[in-house]
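Heads up: the structure comes next, in C-alpha cells.
The values are calculated or read from the model by the stated rules, or taken from the named source; none is laboratory data. Everything numeric in this text was worked out from a predicted model, so none of it was measured. In this analysis, Cβ positions are derived from the backbone assuming ideal geometry, glycine residues included, and neighbour counts consider all displayed protein chains. Protein only, heavy atoms only, side chains kept; ligands, DNA and RNA dropped before computing areas. Shrake-Rupley method; radii C 1.70, N 1.55, O 1.52, S 1.80 Å.
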Amino acid sequence: MEATFASIILSASPLVYAAVGETISEKAGVVNLSMEGTIMLSAMTAFAPAHLSAHLLVGFLAGMGVGAIMAAVIAFASIELRLNQIAVGFVLALLGVALSSFLGDGFVGLQASGVQHLAIPGLSRIPGLGPVLFNQDPMVYGSYVVIIAETLFMFGTRHGLEMQGVGERPEAAFARGIPVNRRRYVYSMAGGALAGVAGAAFSLDVILGWRQGLTQNLGWIALAIVIFGGWNPARAAIGAYLFGALQILALKLQPHLPSFSQVLPLLPFVLMILILVLVYLPAFRRAADRHPVLRRVFAGDPPAALGTAFRRE
C-alpha cells in the first residue's frame, strides 16, 4: 500500500504544477486554454536539451521558458490585440501538439538522465506517511512547496489579494492604483512557467523519455482540475492526486480484467468528468449554499472577470 500511494504522489506531481499554475493565471483573469499544447511542447523541449547537454537543469529551464512564452502570447493577444482568450488558447494548444511531434521526431526512443531519488533523512522514516511523502525525489518535494507557497500567497498576502482583485474587479483594482494588465502578464507567465515544469517533469521524471503524444489529454485534465478545485490551489492539488489515484487504479486492474485492457486507461478521464459534473449539479450547488462548510470544501466560483480584457479608459 505504501508503494501504491507513493506512486500516486509521483504520477500526480506534474499535474499539481500544471493545475496550480493555471489557477494562478485564471485568478488573475486570463484563461490559458493552451495547456494541452504547452505541456506537450514543454515535455519535448525539456527532454531534448537535457539529452544533448546531459544537464537536467537546462531541460527544466527550457520547459519553463516554453510555458512562459505560450502564456505570454495569450496575454498579449488578449491585452494588446483584444482577441478572444479561448480562441487564441485553443489554436496554441493545437500548435503546441503539432510542434512537439515535428520537432521531437529525432528524439523518440532516446535516453536522458532523470531526476534522482532523494529520501529526506528522518522524515522518510515516519511510519505510514514517511515512505509515501518523503521517500520521493526533488520534483515531488517541489510540488509540495508550490501548493503551500501559492496558497499562502493567494490568501495571506497583499499581493495575493491584489491578484484576486485583478481577476474579480479589474476596474476597482485599477482605481486603487494596481497596474492590472502588467499584473496579468506577470501571473499568466508565472502560471505558464509552472505548466512548463509539468511538461518537463513528465519527460524527465515520471516517464523519462520522449515519444509523440507523451502527455496526451493531460492538459485538458489540468484545466478540468482547476474548475474541480474551485480556483483554489490546495483543492486543485487534491484533484490532481485524485486523478493520479484513478490512473494507478486503472493500471492495477488491467492484469485482473484483461478483457477491458483497452477501456481501463480511459477510466480516469471518464470518472474525472463525472465528478466534475456532480460537483456542479444545481442540486449540489444549492446544498453547498445552505452549508457554508460544504461550499468551502467542494464549491467555488470562477473569477468574475475571467476571460475578459481590461481596457484603460
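For the stretch 281-308, enumerate the residues that are at pLDDT 75 or above and open to solvent by less than 50 Å² (accessible area, probe 1.4 Å).
P303, A305, L306, G307 - these are the residues of the stretch 281-308 that are at pLDDT 75 or above and open to solvent by less than 50 Å² (accessible area, probe 1.4 Å).
Just checking, how many residues over the stretch 1-57 are closer than 27 Å to G106 by Cβ and not in a helix (DSSP H, G or I)?
3
Taking into account only those residues within the stretch 205-227 that are over 22 Å from P302 (Cβ atoms) and of a type in the set (V, I, T), which is least open to solvent (accessible area, probe 1.4 Å)?
Ranking the candidates gives T215 first.
Kindly indicate the residue of the stretch 101-118 that is of a type outside the set (G, A, S) and in a loop (DSSP other than H, G, I, E, B) and also least open to solvent (accessible area, probe 1.4 Å) among those meeting that condition.
For the stretch 101-118, the residue satisfying everything is V115.
Assuming L208 fulfils every condition listed in (1) more than 16 Å from I8 (Cβ to Cβ); (2) in contact (Cβ under 8 Å) with a residue 60 or more places away in the chain; (3) part of a helix (DSSP H, G or I) apart from one, which condition is it?
Unmet condition: (3).
M64 passes all but one of (1) within 17 Å of the chain's Cα centre (by Cα); (2) modelled with pLDDT under 95; which number fails?
(2)
Against the condition open to solvent by less than 30 Å² (accessible area, probe 1.4 Å), part of a helix (DSSP H, G or I) and more than 29 Å from I79 (Cβ to Cβ), how does L246 come out, does it pass?
Judged against the criteria, L246 is a match.
Any chance the stretch 104-120 includes a residue that's in contact with an Asp or Glu (Cβ under 7 Å, 6 or more places away or on another chain), under 18 Å from M35 (Cβ atoms) and of a type in the set (V, I, T)?
No, because not a single residue in the stretch 104-120 is in contact with an Asp or Glu (Cβ under 7 Å, 6 or more places away or on another chain), under 18 Å from M35 (Cβ atoms) and of a type in the set (V, I, T).
Of all residues in the stretch 21-73, which are at positive phi and aliphatic (A, V, I, L, M)?
A54
Working carefully through the options A87, A68, find the one that is aliphatic (A, V, I, L, M), within 23 Å of Q164 (Cβ to Cβ) and part of a helix (DSSP H, G or I).
Checking each option against the conditions leaves just A68.
With the requirement that a residue be at pLDDT 90 or above and open to solvent by 10 Å² or more (accessible area, probe 1.4 Å), what does the stretch 228-241 give you?
W231, N232, A234, R235, I238, Y241
So, in the stretch 249-280, exactly how many residues are open to solvent by 80 Å² or more (accessible area, probe 1.4 Å) and outside any helix (DSSP H, G or I)?
So the answer is 4.
Residues in the stretch 73-83: is at least one farther than 21 Å from N181 by Cα, of a type in the set (A, V, I, L, M), touching a residue at least 12 places away in the same chain (Cβ under 8 Å) and open to solvent by 10 Å² or more (accessible area, probe 1.4 Å)?
No, the conditions are met nowhere in the stretch 73-83.
Could you tell me whether the stretch 152-166 includes any residue that is in contact (Cβ under 8 Å) with a residue 24 or more places away in the chain, within 17 Å of the chain's Cα centre (by Cα) and under 30 Å from P303 (Cβ atoms)?
yes
When you check A98 against the structure, is it more than 30 Å from G209 (Cα to Cα), of a type in the set (A, V, I, L, M), under 22 Å from the mean Cα position of the chain (by Cα) and open to solvent by 40 Å² or more (accessible area, probe 1.4 Å), yes or no?
When the stated conditions are applied, A98 does not pass them.
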